[in-house]
Amino acid sequence: MKRCRIVVLMLLSNFILTGSVFAAEIWVSPKGSDKNSGTQQQPLATVAMALRKARELRRLNDEPIKGGIYIKVLAGVYQLAEPLFVRPEDSGTADSPTIIEGEGIGKTVLSGGVTVTGWRKVNTVIPGLPAEAKGKVWEADAPMIGDEPLQFRQLWVNNVKAIRARDTDAPVMNRILSWDHKTETCIIPSAASLDASHISGMEMFIHQWWAIAILRVKAVKVMGDSARLSFYQPESRIQSEHPWPAPWISKKTGNSAFYLSNAIGFLNHPGEWYHDRVANKIYYIPRKGEDLQTAIVAVPELETLVKMEGTLDRPVNYFGFKNISFEHSSWLRPSKEGLVPHQAGMYMLDAYKLKVPGTPDKKGLENQAWVGRPKAAVEVAYASHIAFDGCGFEHMASTGLDFKRGMHNDVVKGCLFKDIGGTAVLDGIYSDEAQEVHLPYNPTDKREICTNDTIANNLIIDATNEDWGCVGIGAGYVKGISITHNEVCDVNYTGISMGWGWTKTINAMSDNRIMANKIHHYARNMYDVAGIYTLSAQPGSVISNNYVDSIYKAPYAHDPQHWFYLYTDEGSSYITLKNNWCPADKFLKNANGPGNVWENNGPQVDVVIKNAAGLEVPYRYLFQYRSINRDNRPINHKTE
């Protein structure tokens, strides 16, 4: 007890008066030490140690902390060796929250990355390297974590994502010739760069309808001007058995597009890199203007940077992050088990077509699927009154921020989500791994349902840049969610997706709001899409006063006309859609249930509503981070 009281006494000099109550400050600095007291004069070195000290203050329930605990994190990059874990014991109260506060986006950074140094120009022979790349390649030793080589799928040079070596230059892709579901193999055109003797780590990225798949190549059999690819399990079986979405074969619009990546034979253009895991070396061809002797090169180590998790009976309460950046997260499932997504980034664990159609909820259903949820840089579950205010989420391999389940009265506002591999923000349960995706979710314990969360005034740009079938903002089985005044742009699929289950049956969802958002420059690569998309029954829900415009002409869409501004998909019921501005009446109502109301949507909507959508004035400082359609890709402006 005496030692704990010493901790409190050491911090007393750092309490500040807030009204009639006191609040505690704990300081963290890149120049600090975790042996320090945590005052402004003697700051700590890590947020984890500051959180521990805050936890002790909570445990002792000392009088001076009744105004809250503020962990002040000075500008700098804090490289995390493990996720920051926020527990129920770290909870605050309505009058005494715990806030981790930095100095702004890009200034105070919690990073899951590792810096790669020691770059030198290659002057030896690299087996398999294309002739045109010789003399242009630089190399560095890849990081080791303990005694193990680090596995990673991303590399950033001065925070610009480099390209994993691929057989075609983006955005160009080739077309498959056929898919053999029985042998689980694919026939593709052969090319000079396809060296069957150097395929270790090679992957196939394939475009199929509203989702992609990433398949680890097991073998390549060259057959003249074509080649047969086979793949590792489990993705080989799932890819060939599941019916939706499947490889597209069409004489009219072309077969599914694909590219191959992660082979030394593909390393031939500036900005491309390859990790030789046997030699544990990274090879990279610098872009114009890059000096690898001075550049900051990073690869991700951690899949999750922050994990906040309570329980149903002991949630984390009244905790927040303010003006903190989260950067450089990893996601390794595609490298370890392949990736075959079902929809909105939820990947299939098992899926197949039924010989005899019919399930308890849908008599005509002909397929089954069970899905997993991708990792997120920041994961939160079983918590309430959690806030992310003015934070940055950048350079992430998968989901940015995920409110997974059991979340109540939480707020995400004024945040930047940029360079996100998957979905920027997820909220709510989709399907548990043990529940088939078409079965409606409606738990007995309603505390499981994410309820009354607010996602407002955030800028989401360049999300979904690795898993193209992810979305800007994704909400599953949610109740009372408010998605308002966000701007979503430069995403590969849907802007805002709400709902799950493909069912008209009443479930956990109700009373949701999608209002006054600005969604534009979406569907860069995937169709069967909309600016705003819904699934299943959602009584009392309203979609209104949104701005939806500028959908890309996706170059490899399975159906070039199958794009929409608003899209109520299977089972969507009891939803009101009104006063949404878009340049044409291009909407889809597919297999909807009862009770939907459509009122005054399209180009006739009042210009006042149109102009009020998107970020409100106090949050327009986020515009400085916005860079739209840098490649000048063509846009659909109206129904053709």
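The values are calculated or read from the model by the stated rules, or taken from the named source; none is laboratory data. In this text the structure is predicted, and so the values were computed from the model without any measurement. FYI the Cβ positions are ideal-geometry reconstructions off the backbone, even for glycines, and counts take in every protein chain you see. Remember, those area values only see protein heavy atoms, side chains included, never the ligands or the DNA or RNA. Shrake-Rupley method; radii C 1.70, N 1.55, O 1.52, S 1.80 Å.
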Exercise. What shape does segment 297-425 have by the C-alpha gyration tensor, where a ≥ b ≥ c are the square roots of the eigenvalues, rounded means a/c under 1.5, and otherwise prolate means a/b greater than b/c and oblate the rest?
Worked result: oblate
For this session: From the C-alpha gyration tensor of segment 155-282, pull out the three semi-axes of the equivalent ellipsoid (sqrt of 5λ each), sorted largest to smallest, in whole Å.
Result: 25, 16, 15
Exercise. Pairs Lys322/Lys413; Lys375/Lys518; Lys35/Lys322: which exceed 21 Å Cα-Cα?
Worked result: Lys375/Lys518; Lys35/Lys322
Problem set entry | Unit Cα scatterers, Debye sum, segment 223-326: log10 I(q)/I(0) for q = 0.11, 0.15, 0.19 Å⁻¹ | -0.79, -1.05, -1.13
Problem set entry | For the chain, share of DSSP beta bridges that run antiparallel, in % to the nearest 5 | 35
Exercise. Per the Kirkwood treatment, what hydrodynamic radius in Å, one decimal, follows for the chain from the mean inverse distance over all distinct Cα pairs?
Worked result: 25.7
Exercise. Considering only DSSP states other than H, G, I, E and B, which trypsin sites (Lys or Arg not before Pro) in segment 497-589 qualify as loop sites with at most 11 other Cβ atoms within 10 Å?
Worked result: none
Exercise. In terms of Cα to Cα distance under 13 Å, which aspartates and glutamates are near enough to Lys53, apart from those fewer than 8 places away along the same chain?
Worked result: Glu25, Asp34, Asp62, Glu89, Asp90
Problem set entry | Nonlocal amide H pairs with Leu84, under 5 Å, H built at 1.01 Å | Val306, Lys307
Exercise. What do you reckon, how do Glu203, Glu148, Glu309, Glu103 stack up by accessible area (1.4 Å probe), largest on top?
Worked result: Glu148, Glu103, Glu309, Glu203
Exercise. Trypsin sites (Lys or Arg not before Pro), restricted to segment 101-158: which are DSSP loop and have at most 14 other Cβ atoms within 10 Å?
Worked result: Lys134
Problem set entry | 5 angstrom amide H check on Cys450, placed H, neighbours 5+ away | Gly406, Met407, Ile429, Lys479
Exercise. Applying 1/(1 + (r/R0)^6) with R0 = 60 Å to the Cβ-Cβ distance of Lys218 and Asn409, what FRET efficiency is obtained, to the nearest 0.05?
Worked result: 0.80
Problem set entry | GluC sites (Glu not before Pro) restricted to segment 384-479 and DSSP loop, no more than 11 other C-beta within 10 Å | Glu433
Exercise. What 222 nm value per residue comes from the helices of the chain, counting each DSSP H run with n ≥ 4 as -39,500 (n - 2.57) and dividing by all residues, nearest 500 deg cm²/dmol?
Worked result: -2000 deg cm²/dmol
For this session: For segment 209-278 and segment 309-327, compute the distance between their C-alpha centroids and round to whole Å.
Result: 39
Exercise. Taking a 1.4 Å probe, which of His637, His521 shows the most accessible area, and what order do the others take after it?
Worked result: His637, His521
Exercise. Using only the Cα atoms, what convex hull volume per residue in Å³ does segment 374-477 have?
Worked result: 90
Exercise. Cα gyration tensor of segment 530-601, axes a ≥ b ≥ c as square roots of the eigenvalues: rounded (a/c below 1.5), prolate (a/b > b/c) or oblate?
Worked result: oblate
Exercise. Each residue of segment 362-372 in order: what ³J(HN,Hα) in whole Hz does its phi give by Karplus 6.51 cos²θ - 1.76 cosθ + 1.60, θ = phi - 60°, with x for Gly and Pro?
Worked result: 9, 5, x, 5, 10, 9, 10, 7, 10, 10, x
Exercise. At 4 °C and 1.567 mPa s, what whole-number value in µm²/s does Stokes-Einstein give for the translational diffusion of segment 439-522, with Rh from the Kirkwood sum over Cα pairs?
Worked result: 95
Seminar exercise, completed: Over all viewing directions the Cα convex hull of segment 492-612 casts an average projected area in nm² of 6.7
Seminar exercise, completed: Given backbone amide H placed at 1.01 Å from N, residues whose amide H is under 5 Å from that of Ala162, ignoring those fewer than 5 places away on the same chain, are Leu155, Trp156, Val157
Seminar exercise, completed: Using alpha-carbon positions, the gyration tensor of segment 500-565 gives root eigenvalues a ≥ b ≥ c; with a/c under 1.5 called rounded, otherwise prolate if a/b exceeds b/c, else oblate, the class is oblate
Seminar exercise, completed: For segment 89-105, in residue order, the Karplus 3J(HN,Hα) values (coefficients 6.51, -1.76, 1.60; θ = phi - 60°; whole Hz; Gly and Pro = x) are 5, 8, 4, x, 10, 4, 8, 9, x, 10, 10, 9, 10, x, 10, x, 4
For this session: Rank these residues by their accessible area, most exposed first, probe 1.4 Å: Lys161, Lys66, Lys363.
Result: Lys363, Lys66, Lys161
Problem set entry | In order through segment 564-570: 3J(HN,Hα) via Karplus (6.51 cos²θ - 1.76 cosθ + 1.60), integer Hz, x for Gly, Pro | 8, 8, 10, 8, 9, 9, 3
